[in-house]
Structure formats: structure tokens, C-alpha cells
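This report concerns only the one structure given below.
The values are calculated or read from the model by the stated rules, or taken from the named source; none is laboratory data. Quick caveat, the model's predicted, so the values are computed rather than measured. Methodologically, a virtual Cβ is constructed for each residue, glycine included, from the backbone with ideal geometry; neighbour enumeration extends over all protein chains shown. The area values use the complete protein model at the heavy-atom level, side chains included, leaving out ligands, DNA and RNA. Shrake-Rupley method; radii C 1.70, N 1.55, O 1.52, S 1.80 Å.
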Amino acid sequence: GLLVARLARAIVQRVLKLVRFESLAQRVGMTNVLKRAEETSSSSDIVGTLVYWTLLLFTALLALGVLGFATAETFTAIGAMIPNVVIACAILILGLNVAGFLAKLIQTAVVNAEIRQGRFIRNTAHYGMGALVVILAAQQLGISSEILSTSFFIFFGATCLAMALAIGLGSRE
């Protein structure tokens, strides 16, 4: 399984380089997301790594099945989850790019309106939209809406409390 996974990764990376996947990734915006995340791997390397780990996962599941620990339901559940993971990754990539674009647009509008806190407003909008994108991706993975909404409310409340304390303590004098 390890040998097949390494061979499949090498083949996928070569095929992606032949079809110029990097230029497609740059047009879609995946390269910019990787640069912002300070990731040194290329897009084709990441896809190859995903293929590698997917094959290793199936090898491990097959080994568990031979040992009697995994059943057909386990294989079915993992096979059914792969499209959801791909869609969640697409939501993250596209959503974070749109959030970054809208945040820059907001900063431009705020600077043109001559408001001094343009960067703060941009960052607040960017992180808020980013949190919503992460929640949408987590919902695609099947995480309960109640858990996500409760987590968001706790995070939002903690942020508001921190800002209230900072403003209150900062403007005492």
C-alpha cells in the first residue's frame, strides 16, 4: 500500500505538471491562498499529497478489514465522505478569496470616506466573513448546526467582551 501510494503520488504530480495545473490554480486563486497561508508546496504537490494519504487511508482500512476490525459500513462511510471533503475545501478556497476581495473593497471605501480606522474595519470584516466561510465548510462536512451556532455565539460574545474591555480600559482617562 505504501509503495502504491508513493507511485500514485508521483504519477499524479507528473500528470498535473503536464496539463499545467499550476496555471489553472493561479487563475482560480488557489496559489494566492497558499501564499497567504505561507505554504511552500505547490498546488500539484498538495493534490499529490492528498492522493497519497487517501491511498494510505484505504490501505489501513483494508488492513483493519483483514484483521476483522472494519466492516463494509466503514468503507461506505469513508467513500461517502470524500465528496463532502472536496466540496468543503472548495468552499474554503473560494470563500476566503471572496472574503479577502470584499475586505479590500471595504478598506478602499473606508479610506475614500476618510475614516482613520480603515485597516481595523477591513480586518474585522475579513475575519468575520472568514468565520462564516469556515462555518459553511464545517456544515458541509456534516457537523451539527447547533454545535456550530453555539460555537460561533461563544466566539462572538468573547470577542465583544474583549473589545468592550479594551475600549473601556483604554479610554479611562
For this session: Quote the charge dipole size of the chain about the Cα centre in Debye, to the nearest 20; the model charges only the Cβ of Lys and Arg (+1) and of Asp and Glu (-1).
Result: 580 debye
Exercise. Label-point separation (nm) for Phe58 and Phe152, each offset 7 Å from Cα along Cα-to-Cβ?
Worked result: 3.5 nm
Problem set entry | Where labels lie 7 Å past Cα in the beta-carbon direction, separation of Ser145 and Val28 in nm | 2.8 nm
For this session: With all protein chains present, calculate the accessible area of Ile121 using a 1.4 Å probe and round the result to the nearest 10 Å².
Result: 60 Å²
For this session: Find which of Gln117, Ala25, Gly168 sits farthest along the positive direction of the dipole of the chain, computed with +1 on the beta-carbon of Lys and Arg, -1 on that of Asp and Glu, about the Cα centre.
Result: Ala25
Exercise. Based on Cβ point charges of +1 for Lys and Arg and -1 for Asp and Glu, what charge dipole magnitude is obtained for region 1-68 about its Cα centre, in debye rounded to the nearest 20?
Worked result: 220 debye
Problem set entry | With at most 13 other Cβ atoms within 10 Å, longest stretch of the chain clear of loop trypsin sites (Lys or Arg not before Pro) (DSSP) | 21-115
Problem set entry | Reciprocal mean inverse distance between Cα atoms of region 106-148 - Kirkwood radius, Å | 11.9 Å
For this session: Whenever you get a sec, compute what percent of the accessible area on the chain sits on carbon and sulfur atoms (1.4 Å probe).
Result: 69 percent
Exercise. Which of Leu132, Gly95, Ser145 sits closest to the plus end of the dipole of the chain, meaning its Cα is farthest towards the positive end, when Lys and Arg get +1 and Asp and Glu get -1 on the C-beta?
Worked result: Gly95
For this session: Starting from the Cα of Leu102, step 7 Å toward the Cβ, then list every residue of region 127-151 with an amide N under 13 Å from that point.
Result: 127-136
For this session: Calculate, for region 38-159, the solvent-accessible area per residue in square angstrom, rolling a 1.4 angstrom probe over the heavy atoms of the protein chains.
Result: 68 Å²
Seminar exercise, completed: One can check that the equivalent ellipsoid of the chain, built from the alpha-carbon gyration tensor with semi-axes equal to the square roots of five times its eigenvalues, has lengths in Å, largest first, of 40, 24, 12
